[in-house]
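Coordinate-derived values only; no laboratory data. Only a predicted model underlies this, so the values are computations on that prediction, with no experimental measurement involved. As a convention, Cβ positions derive from the backbone with ideal geometry for all residues, glycine included, and neighbour counts pool all protein chains shown.
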Amino acid sequence: MSILEKLRQWSVYQENCQTMEQLSTSLVLKFTLIFQLLSSIIAFPLLITASYCLWKSPISKSFHINVKIILQVHLIGFILHCYSRIVIHSLDLYNYMVLDYCSMPPSTIRCFVFRCQYVLGIWLVGATTLPLVLERYIATKRSSNYEYSGCTLGICVTMLQILLASVFTFYSFMNFSFATPVMTYCMAVKIGMFSNVEIIFAISLTVQIISRILFQYLFQVNQNLRLKQLASSLSNRFSLEQNMTSMRILKTFANLQAGFMIIHMAMFLYILPAGAGMEKSTYISLVEMSSSFPLYAVVSILILVRKDRLNKVKLKHSLNTHVNADQGIYFENFNKNLN
């Protein structure tokens with residue numbers, strides 16, 4: 001190895017030591033990592049419980065199996081993301097508190113492995129909206145017999161969900177550098193540099209907005225369908241009420257999903273180019289806080305549980321109203337069918 005090469009390596013080593021000193025002594029960054037670590041620790045068991053309840057609890061009866069499959073992949077994305085955060089942030093905080101500055105930088109391979117899971121989890125969550133809209137569109141078109149259909153559609157749209165997440169993750173790491181053995185902080189993007197990540201986020205932001213508009217349209221179509229069939233049999237009414245119950249819960253989910261993803265992506269698109277003018281610790285803190293997926297997971301689960309309880313009360317009241325209504329209309333409809 002030449003003297004120039006040794007000097008260059010020594011210069012990089014010293015620069016990494018100085019950077020790690022700045023990061024490890026930043027109170028803002030430490031607070032951010034602790035907050036995200038605690039959020040992930042709280043979210044992780046909640047997500048496991050939510051996955052169980054999605055298939056075994058009474059609320060699961062409100063959803064078609066295709067919706068359950070989509071939501072399960074959504075939850076897996078959260079679980080993967082939170083697990084990666086727990087590992088990454090625990091190791092970073094341990095290094096900051098125990099090791100000397102020059103021993104703190106994590107290995108590039110370790111960063112790639114866990115950050116890749118971190119990003120894949122984000123995109124599995126973010127890619128949920130489009131498959132859900134596609135599933136609800138087909139469910140609306142085939143509303144008369146969709147409840148008796150199998151899980152083929154759910155498997156197909158979740159394959160699309162996984163494909164989108166994988167493609168976005170691949171493009172996020174296209175410029176990832178393995179040239180150096182260590183990194184000062186595990187991130188997939190470079191500060192202040194335009195990259196594929198910005199393009200992906202801009203595309204995904206547009207898709208989120210369009211998908212939310214389409215979901216609102218489908219919700220309105222289902223409401224109109226329900227109103228047109230109020231004179232049908234009691235069993236059909238029950239089926240329609242069940243469908244609207246699931247649509248109301250899914251509408252709440254769509255609002256939460258679109259709202260969080262739009263805010264997250266807009267903040268990231270703003271922070272990334274502005275990073276060149278910030279201290280590295282501040283930039284990392286803003287990026288991590290803009291990606292508060294563990295907190296979003298906890299909040300969304302609590303809101304959806306509360307929404308389900310309110311819908312049960314509404315469903316019971318609506319069915320009681322139908323049962324106590326004038327039943328002469330059934331005989332009237334029966335005579336019309338005979339004629």
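Would you mind checking the pairs 56/141; 61/141; 141/307 and listing those with alpha carbons more than 24 angstrom apart? Among 56/141; 61/141; 141/307, the Cα-Cα distance tops 24 Å for 56/141; 141/307.
Between residue 11 and residue 159, the FRET efficiency estimated from the beta carbon spacing at R0 = 56 angstrom works out to 0.70. Each of 142, 309, 85 has some number of other Cβ atoms within 10 Å of its Cβ, and from fewest to most they run 309, 142, 85. The phi-based Karplus calculation (6.51 cos²θ - 1.76 cosθ + 1.60; θ = phi - 60°) puts the 3J(HN,Hα) values of the stretch 14-27 at 5, 5, 4, 4, 5, 5, 5, 5, 5, 5, 6, 9, 7, 5 Hz, whole numbers, x for Gly and Pro.
For residue 142 and residue 221, the difference between the fully extended length at 0.36 nm per residue and the C-alpha to C-alpha distance is 27.2 nm. Between the stretch 69-119 and the stretch 245-268, the C-alpha centres lie 25 angstrom from each other. Grab the other residues whose beta carbon is less than 12 angstrom from that of residue 130, score K and R as +1, D and E as -1, and report the net. After counting each charged neighbour, the total is +1.
Packing, taken as the mean count of other beta carbons within 10 Å per residue, orders the peptides 73-79, 197-203 from highest to lowest as 73-79, 197-203.
Between residue 206 and residue 52, the C-beta separation translates, for a Förster distance of 45 Å, into a calculated FRET efficiency of about 0.80. Fully extending the segment from residue 152 to residue 97, taken as 0.36 nm per residue of separation minus the present Cα-Cα distance, adds 14.7 nm. Residue 282 versus residue 267, label points 7 Å from Cα toward the beta carbon: distance in nm? Here the answer is 1.7 nm between the modelled labels.
Each residue of the stretch 151-157 is assigned a 3J(HN,Hα), and the resulting list reads 9, 4, 4, x, 5, 5, 6 Hz, derived from the Karplus form 6.51 cos²θ - 1.76 cosθ + 1.60 (θ = phi - 60°), x at Gly and Pro.
Close amide H partners of residue 57, meaning residues 5 or more places away or on another chain with modelled amide H under 5 Å apart, do not exist here.
Computing FRET efficiency as 1/(1 + (r/R0)^6) for residue 303 and residue 177, where r is the C-beta to C-beta distance and R0 is 41 Å, gives about 0.55. Amide hydrogen proximity for residue 182: with H placed 1.01 Å from N in the peptide plane, the residues at 5 or more positions away or on another chain lying under 5 Å are 108.
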